[in-house]
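Each value in this text was obtained by applying a stated rule to the coordinates, not by laboratory testing. Small disclaimer: the values here were computed from a predicted structure and weren't measured. Reconstructed Cβ throughout: ideal geometry from the backbone, glycine too, with neighbour counts over all protein chains shown.
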Amino acid sequence: MLRIGYIKQLQKRWGRRAPKQMLRMMRLHRTPFQTILQNIFGALEDGDGRFAFPTIAAIARMRPDLVREIVNEGHEVASHGYNHVRYPTLSANDRERDFALSLQTYRKLGIEIKGFRAPYDNYTDDMPALLEKYKIVWDGGFGYRTEYREKTHFFNFNLNDRPSSVTYIPLNIWSDDLMIDVHGMSPEVISKTLKESITQASRTEGVIMFDLHPIRMGQPEFVGCLRDICVHANSLGAWCTTPSEAVNYWKAHKKWKGDSSFCLLLTGDIDNWVFSDYLRRVIWKRK
Ligand SMILES: [Zn+2]
């Protein structure tokens, strides 16, 4: 009975892809999230890179230990909303409530939040005003829109005839889900694809940001790609840091730190810790 409910709901939302995607996630979640994070921390240490994890706040509060570990390892945690919902489907009030609740949740956990990426990179046009109101420093999802994706530098929006204090970061099209789930790329091809984009970015002396979800990139077969791309970027003179560091430094100095000629920002959203979190989200829309 319950199972038929699952499938119907999933098919309504995703069509015939649903069972396949569910199986995929089930397999991925066989690797405990703690292991996924350890794999990523190790690869980044080898490659001398840092990482930002936009994390669903409702998930973060279930495992504050894991979120604190991210920060203690020198990486950044950002808000990915309180619930993993498409913001455009919410009313303006509910949108603000979800966003504010995410910030409040992190505040209670003692985690400082400077950045944001909306679930599914899905924004409404009025969201820059919302991010401004809550004094967010950087946004890492609005820049996925086709008109901003190809930008090579941070950008701002005009709000009331003034540039926003929130800094927007273009988000590259090569995400792990596109490379792995859609194109079926091997780890070698992923490294090659990302390295090519990084090489192009090095010539712009600007910034390049990827969304590489830990659930896929932290798996033993893929985590080496993170090390590879950091090593490659560093050999070209990159600064592989967190968005907060990069944005604050750029605002103060209008250049990258030290001798760095461009900036690589590795990010990856955390939507669930375990498969049951994922199921719960897909099956019951949490309010
Ligand atoms: Zn997400």
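Couple of notes before you dig in:
- Projecting label points 7 angstrom from Cα along Cα→Cβ for ASP121 and LYS108 puts them 3.2 nm apart.
- Rounded to 0.05, the FRET efficiency of the VAL189 and ARG86 pair, given R0 = 25 Å and the Cβ-Cβ distance, is 0.25.
- Overall form of the chain: oblate. Here a/c, set by the Cα gyration tensor axes a ≥ b ≥ c, is 1.5 or more, and a/b is not larger than b/c.
- Potential extension, LEU159-THR204 segment - 0.36 nm per residue separation minus Cα distance: 13.5 nm
- Estimated FRET transfer efficiency when R0 is 41 angstrom, pair GLU150-SER276 (beta carbons, to 0.05): 0.60
- ASN72 paired with LYS135, simple spin-label distance in nm, labels 7 Å along Cα-to-beta-carbon: 2.8 nm
- Here the spin labels are modelled as points 7 Å beyond Cα on the Cα-Cβ line, and at VAL182 and LYS251 they lie 3.2 nm apart.
- Cross-link pairs exceeding 22 Å between alpha carbons, from the set LYS133/LYS255; LYS151/LYS251; LYS151/LYS255: LYS133/LYS255.
- Global form of the stretch 24-70, assessed from the alpha-carbon gyration tensor, a/c cut-off 1.5: oblate
- Cα-based shape type of the stretch 173-287, given that a ≥ b ≥ c are square roots of the gyration tensor eigenvalues and the cut on a/c is 1.5: oblate
- Between the stretch 132-173 and the stretch 244-287, the alpha-carbon centres lie 14 Å apart.
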